[in-house]
1. If R0 is 45 Å, what FRET efficiency do you get for residue 306 and residue 28 from their C-beta distance, rounded to 0.05?
2. What is the packing order of peptides 51-58, 39-46, 256-263, taking the mean over residues of other C-beta atoms within 10 Å and listing the highest first?
3. So, in Å, what gap is there between the alpha-carbon centers of the stretch 312-351 and the stretch 66-86?
4. What is the spin-label model distance, in nm, from residue 161 to residue 257 if the labels are put 7 Å beyond Cα along the C-beta direction?
5. Where in the stretch 234-258 does the label zone of residue 328 land, with the point 7 angstrom along Cα→C-beta and an amide N cut-off under 19 Å?
6. Work out how much length residue 249 to residue 202 would gain on full extension: take 0.36 nm times their residue separation and subtract the Cα-Cα distance, in nm to one decimal.
7. Ranking request for peptides 65-78, 192-205, 137-150: highest mean number of other beta-carbon atoms within 10 Å first, then the rest in descending order.
8. Residue separation times 0.36 nm, minus the C-alpha to C-alpha distance between residue 104 and residue 345: what's the value?
């Protein structure tokens, strides 16, 4: 979703990056990418944090005529103003203290391919001048050299700031903005992609389950989905990924019923009376074991419902103890694997 602190280097052997969604805004966005990708012109991607701007840039590259060449990325906000010039244009031996040998910059590494400049709004004005020359003439000089280097690079840039206003106020070169914005693509925020939340949530849940060694993909309960769809998602897809992965690893069953949007809640802070959750049972239940609470609840139910409750509880506890390995859970219960799967299937909606 996002680049590393500086870049992800040269990527020649990547497969087509995944893009998941079915909402109208997402489909329209993907159609824009497909339409502009084959055109050998710069593209400017605008969007909020966490919306997947780098993913959009990589899809533009892999759908272009340059897809077999290098896709080089640079997170401009991760570099100081003094370093960004040498990172982009390279430097000669002895150009500055520590320059022990000549180094190629990102423009040279991306020649015949695509250079993705993330957070381009943070680039200093003097470096913007040199980028403008590359866009216009395809040449530049390494730091510490007067010899021109010629490259053939397609630039895709991205930012979450208002570059147009920055150009109006003189904080960004208007000429460079004009050159980079042959096409401007807006990445839709997640709050405008309500239909995609379940698709993305299932995707992230499946990946987390695989990482944990689970045999099945967790299911999002209707109540949890309702909360996910009502949330405004200021951190967009990146935030959704964190929420779902956190819910999966904390879940004691294959059905995700609880989601937490804010992990920055101190569990040791005293709660106000309004925040205290009362136990289901009457006074004295807090001293009972979990098994006692379950037994007390089951004894109040009709026979058939009580037996179903017992099965669900035993299966849930065995799965939790076996870290959701079904074969181990079956062994703990003294069941064959097929018997275990048959009983679990019967309670799939509640476990």
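1. 0.30
2. Output ranking for 51-58, 39-46, 256-263: 51-58, 39-46, 256-263.
3. Computed from Cα coordinates, the inter-centre distance equals 50 Å.
4. In this crude label model, residue 161 to residue 257 measures out at 4.7 nm.
5. Within reach of a label on residue 328: 248-255.
6. Value of the extension gain: 15.5 nm.
7. 65-78, 192-205, 137-150
8. 80.9 nm is the gain from fully extending residue 104 to residue 345.
We did not get these values from a lab; they are worked out from the coordinates using the rules stated. These numbers come from a predicted model, not from an experiment. Backbone-built Cβ (ideal geometry, glycine too); neighbour counts: all protein chains shown.
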